[in-house]
Each structure stands twice: as C-alpha cells, then as structure tokens.
Protein chains: 2
Amino acid sequence: MHIIQVEPQVVFQALSDPIRIRIIRLLAETGEEACLCELVDSLLEPQYKLSRHVKVLRQAGLLAAEKDGRWVYHRLVRDVDYLNIAYDLLRALPDSEGLFARDLQNFHNRICLREGGRCRVGIQTASLYAAEGD
Amino acid sequence: MHIIQVEPQVVFQALSDPIRIRIIRLLAETGEEACLCELVDSLLEPQYKLSRHVKVLRQAGLLAAEKDGRWVYHRLVRDVDYLNIAYDLLRALPDSEGLFARDLQNFHNRICLREGGRCRVGIQTASLYAAEGD
DNA sequence: TGCATAGTTGCACAATAACGCATCTATGCA
DNA sequence: TGCATAGATGCGTTATTGTGCAACTATGCA
C-alpha cells in the first residue's frame, strides 16, 4: 500500500461536482464498494461519464480501484484522517429533493443482483429502470 | 439572519483553491474574524486577489461580511452543521511545508496592530514583511 | 469639501474542466 | 480462437475559472 501525497485543493476540487459527490456519498453511506456498472445503474448516468469521474476521484486519492475479471471495484480510501472527515461531511449534507435517496434505493436494488457478493452482470438500467424515465 | 440554500458542490468548489483554503483555515484555526487588509498581510497576496476569493467564499455561504467604517470584517458562518465539519476538515489537513504555519504567524503579528480589537491601519506588508521576500 | 485609503469590479486573456461521440483495450466464455 | 461485454480514453467543443491591470466606489479625516 502506498499513500500518494495530494494537495488539499485537489480533494475539494474532486468533490466540486454533483456526480462525484453522489458517488462518494453512496459509498460512504453504505460502506460498500461498487463496480462501474453498478454505479451506472445507481446514478443513471452514462458509463463513459462515470468512468471519467471515478478516475478523477482516484487521482485525487479518494477512491481505490481493484480489478476482478472484467469488473473494476471502487472503494473509499479510509486510511487518511481528513478524508474520513470528508466522508462524514458528505453524510451530513441535506438531501432536500430526495435525489440522493433515489441513488441509494437504486444501489440497494442493484446490489441484490450480486452472486456471492460479486457483480456478475453489466449495465441493467434498461431492464431495471426502464419505466422510470428521467 | 437568513440562511441561503447552497448546493453542496458549491461549498467544495469554494474550497478547491489553495488561497481560499488558507483563508478559511486561518479563520477556523484562530476563531478570529479578519478584515481584508489583515488577510493581505497574512497571506501576502494582492488585495484585489483576496477580495475576489473572499467574494467567492461569501457567495458559497462560508463567510459572512460585516462592514465597519472603511473596513470589512469577514467571519466564518457557523450555524450550518456540515460547514462546521468542513472547518474541522481544514484543521485536520497536513501542513507539510509549513506554509500554513507562516500564514498563522503573520496573522498573529498583524492582529497585534489592532486597537481595541479593531483594525486601524491598511496594508502593512511593505513595512512588516519587506525583508521576507517570498 | 477635498483628499487619502479600504475595498470592489469591469475587462481581456490563459488555463482548466465537463461533455458527447466514437473508438479502443481487456477479459471471460462458447 | 473468435465474440460479447466491462471499462477506458482520444478528440473537438463549450463553459467556467483564476489572474493582472486599471478604474471605480465608499468612507473617515483634515
């Protein structure tokens, strides 16, 4: 394990985007790790978009990635004190319009598709949430 | 008093700049308020630059401004839970190169010039820190 | 009432960042 | 060994942001 020295402003910059906030908040709230397709089905955003945002979060030191076959699991970096405070901050944010609650619900639904705790399918948005529109 | 609803990413965006981090960190660490010229003498950055950065922080809901004669005092907004966590976060940041320690020292020196707890002078950088260079 | 000064802001410019599209890589399975 | 699929990325475009310079506003004092 290696700790990459990151300038503080890079961490805040990484969290200055709504989608990236939703990603980190989802993992902070659930304590889970998630592969990209699970994030796609939870946030209902294009795959290439989330792939880029996850990369930003990784380069900022907030996420660690672990490859498992075709899937790449992303989890929060927990061994930096001020990052844990950042996660607490995210969990303390208001959810005035219930947008985060929706992400959370979608994520829970998507987690149910795991087999042996591992994701075994790809993007399921079309079949799972087709009726939701949005 | 009124609370302006601010989207979370705006707060992080406000803290995504090194100078703005230094401003908030200084006020969080000392518990003080500061007028603009005191910030100029503490951070050793141009006045127009800090004026703009302070404006960003104000619009993001992190700072409140109070005018007193020719001086404008800036203080942290304390009545929002997640902002207080943000201030804790800033105080937990490393100061690997001692840059923040310098800001803090300059600020303490500058506070000594107050009369009756109020700033009564303008920018003193030239006379106070002329020898420091940078 | 005019001047010095604390602070703000319009403007132009350079750098950065988010996005959609399409394409590319890498891995498991038939 | 070829195909389907999870994920990454190059490119061009557009929007945003930080900065320096200079000019501006607002306030206290002689």
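Worth pointing out:
- Pairs with Cβ under 7 Å, 6+ apart, first in the range A:5-26 and within 7 Å of chain B (Cβ to nearest Cβ) and assigned to a helix (DSSP H, G or I), second within 11 Å of DNA strand C (Cβ to nearest atom) and charged (D, E, K, R): A:Gln9/B:Asp17
- Selection of the range A:92-121 for residues being within 17 Å of the chain's Cα centre (by Cα) and of a type in the set (S, T, N, Q) yields A:Gln105, A:Asn106, A:Asn109.
- Selection from the range B:61-84 of residues that are part of a helix (DSSP H, G or I) and crowded, with 19+ Cβ neighbours inside 10 Å: B:Leu83
For (1) touching a residue at least 24 places away in the same chain (Cβ under 8 Å); (2) within 12 Å of the chain's Cα centre (by Cα); (3) on the phi > 0 side of the Ramachandran plot, each residue gets a yes or a no:
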residue: A:Glu38; (1), (2), (3): yes, yes, no
residue: A:Gln47; (1), (2), (3): yes, no, no
residue: A:Ser51; (1), (2), (3): no, yes, no
residue: A:Val54; (1), (2), (3): yes, yes, no
residue: A:Leu62; (1), (2), (3): yes, yes, no
residue: A:Ala65; (1), (2), (3): no, yes, no
residue: A:Arg70; (1), (2), (3): no, no, no
residue: A:Asp81; (1), (2), (3): no, no, no
residue: A:Leu90; (1), (2), (3): yes, no, no
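- Filtered residues of the range A:69-79 (kept if touching a strand residue (DSSP E or B) at 6+ places or on another chain (Cβ under 7 Å) and farther than 16 Å from A:Arg52 by Cα): A:Leu76, A:Val77
- Residue match in the range B:105-128 (condition: out of contact with any strand residue (DSSP E or B) (no Cβ under 6 Å at 6 or more places or on another chain), closer than 24 Å to A:Ser16 by Cα and either open to solvent by less than 10 Å² (accessible area, probe 1.4 Å) or of a type in the set (D, E, K, R) (or both)): no
- For the range A:27-36, residues that are away from DNA strand C (no atom under 13 Å from the Cβ), assigned to a helix (DSSP H, G or I) and over 11 Å from A:Ile111 (Cβ atoms) total 3.
- A:Gly31 being on the phi > 0 side of the Ramachandran plot, modelled with pLDDT of 95 or more and open to solvent by 50 Å² or more (accessible area, probe 1.4 Å): yes
- Of residues in the range A:92-103 being part of a helix (DSSP H, G or I) and more than 9 Å from chain B (Cβ to nearest Cβ), the one surrounded by the fewest Cβ atoms within 10 Å (Cβ to Cβ): A:Ala101
- Condition check for B:Tyr129 on (1) out of contact with any Leu (no Cβ under 7 Å at 6 or more places or on another chain); (2) at pLDDT below 95: one failure, at (1).
- Restricting attention to the range B:14-34, the residues that are under 8 Å from the mean Cα position of the chain (by Cα), of a type outside the set (Lys, Arg) and within 8 Å of DNA strand D (Cβ to nearest atom) total 0.
- Among the residues of the range B:44-55, those identified as within 22 Å of B:Leu99 (Cα to Cα) and within 11 Å of DNA strand C (Cβ to nearest atom) are B:Pro46, B:Gln47, B:Tyr48, B:Lys49, B:Leu50, B:Ser51, B:Arg52, B:His53, B:Val54.
The values are calculated or read from the model by the stated rules, or taken from the named source; none is laboratory data. Predicted model, so just to flag it, every value in this text is computed and none were measured. Virtual Cβ from ideal backbone geometry, glycine too; neighbours counted across all protein chains shown. These accessible areas exclude ligands, DNA and RNA; they are computed on the full protein's heavy atoms, side chains included. Shrake-Rupley method; radii C 1.70, N 1.55, O 1.52, S 1.80 Å.
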